[in-house]
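Here the structure is laid out as structure tokens; the discussion comes afterwards.
Any read-out appearing in this document is the output of simple, stated calculations on the displayed coordinates, not a laboratory observation. From a predicted model like this one, the values you see are computed outputs, not experimental measurements. All Cβ positions, glycine included, derive from the backbone under ideal geometry; neighbour counts span all protein chains shown.
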Amino acid sequence: MTAALPAPRRPDRYAVGLVCLGNICRSPMADVVLAQRVDEAGLAGWVSVDSCGTGDWHVGQPMDRRAAATLAAEGFDPSRHRARQVDAGWFATHDLLLAMDAANLRDLRALAATAPRGAEALAEGRVLLFRDLDPCGTGDVPDPYYGGDDGFTEVLDMVERTAAVLVDRLHRRLWTTP
Ligand code: 4NP
């Protein structure tokens with residue numbers, strides 16, 4: 001059973017943020033795939049998608065070349081991504097923050113403790129694990145950074161099937177939101 005989506009904070013926008021460690025592999029892959037699926041579903045006027053890392057090492061850099069190649073091989077455009085680091089403002093601006101692994105979730109929760117609307121975001125279930133929405137499993141999206149190309153394919157599979165669930169939920173949410 002996948003997690004329920006938290007309610008929109010505003011009537012005109014639903015902002016989804018994907019969060020990993022470096023913002024050059026997992027969360028940008030999820031960002032590009034989800035944004036593409038949101039667009040295809042006709043939801044781009046309502047749903048925004050972006051991503052960030054908990055660390056600052058790669059800020060301003062494009063996606064890891066293996067992540068970019070894996071996306072490009074499946075017809076996605078990785079070229080616009082530039083890495084960013086999360087800050088305390090994300091808890092106020094986003095309806096849903098999805099952490100790629102348990103360490104990212106722990107770091108986000110720690111940041112939320114000092115952030116405006118951070119406690120509210122946690123209480124409202126706005127900070128979840130990405131795979132809480134995966135129809136085929138739970139837990140971490142494994143970090144592919146130190147591994148081989150297979151790791152990136154595995155991430156893309158998880159991201160594609162989870163993005164499909166998320167878009168379906170967002171679509172239903174749009175039609176049930178007053
Ligand atoms: P990501 O992967 O969190 O999926 O972007 C990583 C990227 C960089 C590093 C670790 C993980 N790093 O240690 O620089």
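Of all residues in region 28-37, which are more than 16 Å from the ligand (Cβ to nearest atom) and either exposed (fewer than 13 other Cβ atoms within 10 Å of the Cβ) or among the aliphatic types (A, V, I, L, M) (or both)?
To start, the set of residues in region 28-37 that are more than 16 Å from the ligand (Cβ to nearest atom) comprises 35-37.
If the condition is that a residue be more than 16 Å from the ligand (Cβ to nearest atom) and either exposed (fewer than 13 other Cβ atoms within 10 Å of the Cβ) or among the aliphatic types (A, V, I, L, M) (or both), then A35 is the only one that fits.
In this structure, does E154 turn out to be out of contact with any Asp or Glu (no Cβ under 7 Å at 6 or more places or on another chain), closer than 20 Å to Y14 by Cα and surrounded by 14 or more Cβ atoms within 10 Å (Cβ to Cβ)? Steps first, please.
On the way: out of contact with any Asp or Glu (no Cβ under 7 Å at 6 or more places or on another chain): yes; closer than 20 Å to Y14 by Cα: no; surrounded by 14 or more Cβ atoms within 10 Å (Cβ to Cβ): yes.
Criteria not met by E154.
Determine, yes or no, whether L5 is within 16 Å of the ligand (Cβ to nearest atom) and under 24 Å from G137 (Cβ atoms). Show your work before the answer.
On the way: within 16 Å of the ligand (Cβ to nearest atom): no; under 24 Å from G137 (Cβ atoms): yes.
So L5 fails the test.
Conditions tested, residue by residue: (1) under 20 Å from D134 (Cα atoms); (2) part of a strand (DSSP E or B); (3) free of Cβ contacts under 8 Å to residues at least 12 places away in the same chain; (4) among the polar types (S, T, N, Q).
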position: A3; (1), (2), (3), (4): yes, no, no, no
position: A15; (1), (2), (3), (4): yes, yes, no, no
position: V33; (1), (2), (3), (4): yes, no, no, no
position: Q36; (1), (2), (3), (4): yes, no, no, yes
position: G42; (1), (2), (3), (4): no, no, yes, no
position: V49; (1), (2), (3), (4): yes, yes, no, no
position: Q61; (1), (2), (3), (4): no, no, no, yes
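Quick check on this structure: which one of L166, L156, L170, L174 is touching a strand residue (DSSP E or B) at 6+ places or on another chain (Cβ under 7 Å) and in contact (Cβ under 8 Å) with a residue 40 or more places away in the chain?
Values: L166 fails: touching a strand residue (DSSP E or B) at 6+ places or on another chain (Cβ under 7 Å); L156 fails: touching a strand residue (DSSP E or B) at 6+ places or on another chain (Cβ under 7 Å); L174 fails: touching a strand residue (DSSP E or B) at 6+ places or on another chain (Cβ under 7 Å).
When all the criteria are applied, what remains is L170.
Residue by residue through region 89-138, note down the ones that are under 21 Å from V47 (Cβ atoms), free of Cβ contacts under 8 Å to residues at least 60 places away in the same chain and in a loop (DSSP other than H, G, I, E, B).
G89, R117
Conditions tested, residue by residue: (1) buried (at least 20 other Cβ atoms within 10 Å of the Cβ); (2) basic (K, R); (3) under 28 Å from D150 (Cβ atoms).
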residue: A7; (1), (2), (3): no, no, no
residue: P11; (1), (2), (3): no, no, no
residue: L18; (1), (2), (3): yes, no, yes
residue: R26; (1), (2), (3): yes, yes, yes
residue: T70; (1), (2), (3): yes, no, yes
residue: F76; (1), (2), (3): no, no, yes
residue: H81; (1), (2), (3): yes, no, yes
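Can you report the number of residues in region 38-64 which are away from the ligand (no atom under 16 Å from the Cβ) and over 13 Å from the mean Cα position of the chain (by Cα)?
Total meeting the criteria: 8.
If a residue must be of a type in the set (V, I, T) and out of contact with any helix residue (DSSP H, G or I) (no Cβ under 6 Å at 6 or more places or on another chain), how many such residues does region 79-138 contain? Quick ask: steps written out before the conclusion?
Going residue by residue through region 79-138, those that are of a type in the set (V, I, T) are 86, 93, 114, 127, 138.
With out of contact with any helix residue (DSSP H, G or I) (no Cβ under 6 Å at 6 or more places or on another chain) added as a condition, the list becomes 86, 93, 114.
Number of matching residues: 3.
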